[in-house]
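**Q** Sending over a structure as structure tokens; questions will come in a sec.
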Amino acid sequence: MNLTLRIVSPEGLIFESEAASVRVPGEGGFFGVLPRHAALVALTESGVLVAKTSGGGTREILIHDGFAEVRKGILTVLTRSAEDPAAIDMERAAKAAERARERLRLQASDLDAARALAALRRALLRERVARRRV
């Protein structure tokens, strides 16, 4: 028995597949979802979601902040964005991290510090995940 994993961003359905188990980056740490999991709604954090297939393979997807809902054998992850770790452009991620650091360093009066810190965390996570792939 499997569960259905759906990853949805503002652009639409990003990924859908059957999974034997899923490890989700949650607000308080990672949590696992198995078939017949109880109904659940949880906040997610930026991190690597890992889905295990019934055949023993794995699929990693980098997600960025959102919500996860488990209901009737379906895990739906609503996320700001999702990326295949293998497709991350290391140079682009490094430049994004540097831009975020610069915004924080300048401390402009119109700076939304929370957004700048979130952008920095996402860029650093992209860099870290991309380095694992090299």
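The values are calculated or read from the model by the stated rules, or taken from the named source; none is laboratory data. Treat the numbers as computed from the prediction; the structure is a model and nothing was measured. When we count neighbours, we look across all protein chains shown, and the Cβ atoms used for this are built from the backbone with ideal geometry, even at glycine.
**Q** In segment 51-84, which residues are under 18 Å from residue 21 (Cα atoms) and among the basic types (Lys, Arg)?
**A** Hits for segment 51-84 are 52, 59, 71, 72.
**Q** Does segment 5-27 contain at least one residue that is aromatic (Phe, Trp, Tyr), over 20 Å from residue 129 (Cα atoms) and touching a Leu at 6+ places or on another chain (Cβ under 9 Å)?
**A** No - not one qualifying residue is present in segment 5-27.
**Q** Condition check: within 15 Å of residue 125 (Cα to Cα) and modelled with pLDDT of 95 or more. Does residue 44 satisfy that?
**A** yes
**Q** Which of the residues that make up segment 16-30 are touching a strand residue (DSSP E or B) at 6+ places or on another chain (Cβ under 9 Å) and over 16 Å from residue 73 (Cα atoms)?
**A** 25, 26, 27, 28, 30
**Q** Okay, next question. Select from segment 105-127 the residues that are surrounded by fewer than 15 Cβ atoms within 10 Å (Cβ to Cβ) and part of a helix (DSSP H, G or I) and list them in ascending order.
**A** Matches in segment 105-127: 105, 106, 113, 114, 115, 117.
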